[in-house]
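The values are calculated or read from the model by the stated rules, or taken from the named source; none is laboratory data. These numbers were taken from a predicted model, which means no experiment stands behind them. Please note: Cβ atoms are built from the backbone with ideal geometry, for glycine as well, and neighbour counts cover all protein chains shown.
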Amino acid sequence: MTRSTVVFWSAAAVMAVGLGVFVARQVPKLSSPRLTTVTADSAPVAKAQQTTRYTLKFVKNPEPVPQFSVQSFSGQTLDPAEWHGKVVILNFWATWCGPCRYEIPELMAMQKRFGSSLQVVGLSVDEAPPAQVKQFAEQMGITYPVAMASEKLQDEFGGILALPTSFIINREGRVVDKHVGLVPRGYYDAEIGYLTGHRVNAKVVKFVDEGQVFPANVKNAKTIPGVDMSMLTPAERKLALKRMNQEHCTCGCGYTIAQCRVLDPSCPVSLKEARAIVAQIAREGLPAKTAMGRPSTHTIAAAGR
């Protein structure tokens, strides 16, 4: 998984696996629009699930939205400080991303449905010239503010590794959820309705962000995808997690081993490196000064002299 690549999601994939966090084949960023056709049989996705009783998932202790300020194509200053009191959908997209193009009309319709209580914002990660992206937005008739998202801005949100990616911000300016891929209209209606104070037919659960929203919060994780730590003592498991959060994956992603595992569980490099850490700790135990639960090899060796 490299920081120079982006994955995009098909609507067919959304129908197949629902609202989970997905892993897909990566494709290179393009400097010019890639026009991907969404097949006709995927069009009913949003409407077909409107009557479903969804389980809405929100971060238990949401963090404030990263601060930034950019100019929209219409000259409007986009600043999170100006959105206090509104629910915000911060949508990262690109002109060449087929699913992104597919959801634009739905985002516009949602902005119209919820009016002033909702603010949709489009942030383009295109490498194409801003003028080209602006022209595309005008041709699409996008009614919500659109601006370019620099690499620095993308990094403020932990890096955008898939498209579309949308951050949901509550009325207090805190990021309560993150969606990777297309979201059924019914889920969005329930989610935005709940956050704007309406009664909705949905169950609400809270979760601790362990990297699902911001990669840096992988430090909160007690488990790592694909890594068995059942043979370790609690202290050894803590050390393994600490090392995975400190040591960087060598696949080129720029993330720690733990972050790479959470963001891309299919990465064979981070999987090998994470398992090697666990195997080493299981074999050698804790350093002598911090050994808890069982002696380290250093302690055993010393005792044998």
| message | Please count how many residues of the range 36-70 are among the aliphatic types (A, V, I, L, M), over 22 Å from residue 192 (Cα atoms) and modelled with pLDDT under 50. | response | 2
| message | So, in the range 86-105, exactly how many residues are surrounded by fewer than 22 Cβ atoms within 10 Å (Cβ to Cβ) and either small (Gly, Ala, Ser) or not assigned by TED's automatic domain parsing to the domain that holds residue 120 (or both)? | response | 1
| Those residues of the range 232-246 which are assigned to a loop (DSSP other than H, G, I, E, B) and either modelled with pLDDT of 95 or more or out of contact with any helix residue (DSSP H, G or I) (no Cβ under 8 Å at 6 or more places or on another chain) (or both), in sequence order | 233
| request: Give 190, 137, 221, 240 a once-over and let me know the one that is touching a residue at least 40 places away in the same chain (Cβ under 8 Å) and closer than 15 Å to residue 93 by Cβ. | output: 137
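Evaluate the following for residue 256: is it among the polar types (S, T, N, Q) and buried (at least 18 other Cβ atoms within 10 Å of the Cβ)? Don't jump to the end; show me each part of the working.
Values: among the polar types (S, T, N, Q): yes; buried (at least 18 other Cβ atoms within 10 Å of the Cβ): yes.
Spelling it out, residue 256 is indeed among the polar types (S, T, N, Q) and buried (at least 18 other Cβ atoms within 10 Å of the Cβ).
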| task | Note down all Cβ pairs under 7 Å where the first residue falls in the range 249-268 and is closer than 15 Å to residue 160 by Cβ, the second is surrounded by fewer than 22 Cβ atoms within 10 Å (Cβ to Cβ) and among the basic types (Lys, Arg), and they're at least six residues apart or on different chains. | result | 253/3; 254/3
| note | Checked against (1) at pLDDT 95 or above; (2) crowded, with 20+ Cβ neighbours inside 10 Å, residue 250 satisfies every condition except (2)
| said: Restricting to the range 247-276, name every residue that is part of a loop (DSSP other than H, G, I, E, B) and either in the same structural domain as residue 158 (by TED's automatic domain parsing) or among the polar types (S, T, N, Q) (or both). | reply: 250, 266
| field | Breaking point among (1) surrounded by fewer than 22 Cβ atoms within 10 Å (Cβ to Cβ); (2) hydrophobic (A, V, I, L, M, F, W, C); (3) out of contact with any Asp or Glu (no Cβ under 6 Å at 6 or more places or on another chain), for residue 221 | value | (3)
| field | Lone qualifier among 173, 181, 254, 197 - being closer than 20 Å to residue 86 by Cβ, in contact with a strand residue (DSSP E or B) (Cβ under 8 Å, 6 or more places away or on another chain) and among the small types (Gly, Ala, Ser) | value | 173
